[in-house]
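Engineer: Sharing a structure below in structure tokens format, with a few things to ask.
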Amino acid sequence: MDWTTEIKAAAGRIAGHIQITPVMQTLGFGLGYPIEMKLEHMQHTGSFKARGAFNTLLSQDVPAAGLVAASGGNHGAAVGYAAHKLGHKARIYVPEMAGPAKIALIRNTGADLQVVSGAYANALEQAQAYEQDTGAGQVHAYDAPGTVAGQGTCFAEWQDQGLAADTVIIAVGGGGLIAGAMAWFQGAKKIIAVEPETSCALHAALAAGAPVDVEVSGVAANALGARRIGSICFDLAQQQRQAGHLTSLTVTDTAITAAQTALWRERRLLVEPAGATALAALISGAYQPAAGERVAVLLCGGNIAPDPLA
């Protein structure tokens, strides 16, 4: 697939529907060197997911039965928001572990919300059954070309904003966001994939040589808790790791919450645990840049539970 063409087309398609999110350069967090950050948690519905949702809805015909999506929370909110803005009905399946804040966020979009037992994988099973029964259009959270191209617009936008880093650090759940990064940069940047130790579908897949099921738990599980990495992400990751452009690592829940606290205390940035996971790799020392290496961090989500102002 010509990802560059697809991502450029997606950027044109979703322009006017998404926020151009700010970037900043900052020195702090006990690191001793500056980092670039993109504040994608300030996107519509509090995460990058609106990009893939709008691109998918605007690039295909929506069936009369409407749309269906499974989500750990952020994707469902994005699909519900995009569907409402574009005049479509949507049914969203989320697991109970999404938590009350994200469940309320989805409900407020006007979507038909279905809360199910278990984890994201259980929600996906029910969404797929609904798709088969009704003919509704499935909007996959991460493993679909339209989703990946939409998420890739985040990095095309960042590049246009003057991204100078040699290395971009990104949190990974099902893999749609980092797949978009790999698809856009095509080796022009080194990419560090960061996952929680207790929810590490990409890390496990790369170790096994194929996507495998993993157990999912921890503070970021309602955003990064995919049981199995997406095939698009895995294929891109294998290629780029073999070429030396990708490193995969994991961090502890303690490191994630420490990074979340540091972002608030030092920069007054409120992010959810998933949004702090990339920075956790630097603060914890899980990733240590070489001398002179320029580093950038993506803050991907801001849907804190519970809502601090509720």
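Engineer: If I fit a long axis through the Cα atoms of helix 3-14 and take the longest principal axis of the Cα atoms of the chain, what angle between them do I get, 0 to 90°, rounded to 10?
Structural biologist: Once rounded, one gets 60 degrees.
Engineer: Determine the percent antiparallel among the DSSP beta bridges restricted to the chain, to the nearest 5.
Structural biologist: Among the beta bridges of the chain, antiparallel pairing accounts for roughly 15 percent.
Engineer: Continuing with this model, one more query. Return the long-range amide H neighbours of Ser248 (sequence gap of 5 or more, or a different chain), with a cut-off of under 5 Å between placed amide H atoms.
Structural biologist: HN-HN under 5 Å from Ser248: Ala193.
Engineer: With a 1.4 Å probe and all protein chains left in place, how much of the accessible area of the stretch 8-90 comes from carbon and sulfur atoms, in whole percent?
Structural biologist: That share works out to 53 percent.
Engineer: Now for a different question. Tabulate in residue order the Karplus-calculated ³J(HN,Hα) for the stretch 57-71, using 6.51 cos²θ - 1.76 cosθ + 1.60 with θ = phi - 60°, rounded to whole Hz; enter x for Gly and Pro.
Structural biologist: Per residue, the Karplus-derived 3J(HN,Hα) values read 5, 8, 10, 8, 6, 8, x, 4, 6, x, 10, 9, 8, 10, 7 Hz.
Engineer: If Rh is defined by the Kirkwood formula over all Cα pairs and Rg also comes from Cα, what ratio Rg/Rh do you get for the chain?
Structural biologist: Details: Rg = 17.7 Å, Rh = 18.9 Å.
Ratio value, two decimals: 0.94.
Engineer: Still on this structure: Taking only pairs that are 8 or more places apart or on different chains, how many Lys pairs in the chain have Cα atoms under 23 angstrom apart?
Structural biologist: Step by step, the pairs that qualify in the chain add up to 16.
Engineer: Take Asp235 and Tyr33, extend 7 Å from each Cα along the Cα→Cβ direction, and tell me the distance between the two endpoints in nm.
Structural biologist: 3.4 nm
Engineer: Grab the DSSP H runs of the chain that are 4 residues or longer, score each as -39,500 (n - 2.57), total them, divide by all residues and round the 222 nm result to the nearest 500 deg cm²/dmol.
Structural biologist: -13000 deg cm²/dmol
Engineer: Related question: Considering the zone a paramagnetic label at Val115 would reach in this model (a point 7 Å from Cα along the Cα-to-Cβ line), which residues of the stretch 285-310 have amide N under 14 Å from it?
Structural biologist: 306-307
Engineer: Next question. Please compute the per residue accessible area over the chain with all protein chains in place, 1.4 Å probe, rounded to a whole number of Å². The partial results should precede the final answer.
Structural biologist: Details: 12000 Å² over 310 residues.
Per residue, the chain has an accessible area of 39 Å².
Engineer: Give me the Kirkwood hydrodynamic radius of the stretch 82-193, using the inverse of the mean 1/r over all pairs of distinct Cα atoms, in Å to one decimal.
Structural biologist: Hydrodynamic radius (Kirkwood, Cα pairs) of the stretch 82-193 is 15.9 Å.
Engineer: Using the crude model of +1 on Lys and Arg Cβ and -1 on Asp and Glu Cβ, and no other charge, please compute the dipole size for the chain relative to its Cα centre, in debye to 20.
Structural biologist: Around 560 debye, computed over the chain.
Engineer: On to the next question. Between Lys189 and residues 5 or more places away or on another chain, which pairs have amide H atoms under 5 Å apart, with H built 1.01 Å from N, and which residues are they?
Structural biologist: none
Engineer: Roughly speaking, what is the stretch gain from Thr257 to Thr134, that is 0.36 nm per residue apart minus the C-alpha to C-alpha distance, in nm to one decimal?
Structural biologist: Result for the pair: 40.1 nm of gain on full extension.
Engineer: Kindly rank 135-141, 174-180, 212-218 from highest to lowest mean number of other beta carbons found within 10 Å of each residue.
Structural biologist: Packing proxy ranking, top to bottom: 174-180, 135-141, 212-218.
Engineer: Another question about this same structure. Could you tell me the calculated FRET efficiency between Gln60 and Ile20, based on Cβ-Cβ distance and R0 = 30 angstrom, to the nearest 0.05? Before the final figure, lay out the partial values.
Structural biologist: On the way: r = 24 Å, r/R0 = 0.81.
The calculated FRET efficiency here is 0.80.
The values are calculated or read from the model by the stated rules, or taken from the named source; none is laboratory data. These figures come from a predicted structure and were not determined experimentally. Positions of Cβ are generated from backbone atoms using ideal geometry, with glycine treated the same way; all protein chains shown enter the neighbour counts. Areas reflect the complete protein model, heavy atoms only, side chains present, ligands, DNA and RNA absent. Shrake-Rupley method; radii C 1.70, N 1.55, O 1.52, S 1.80 Å.
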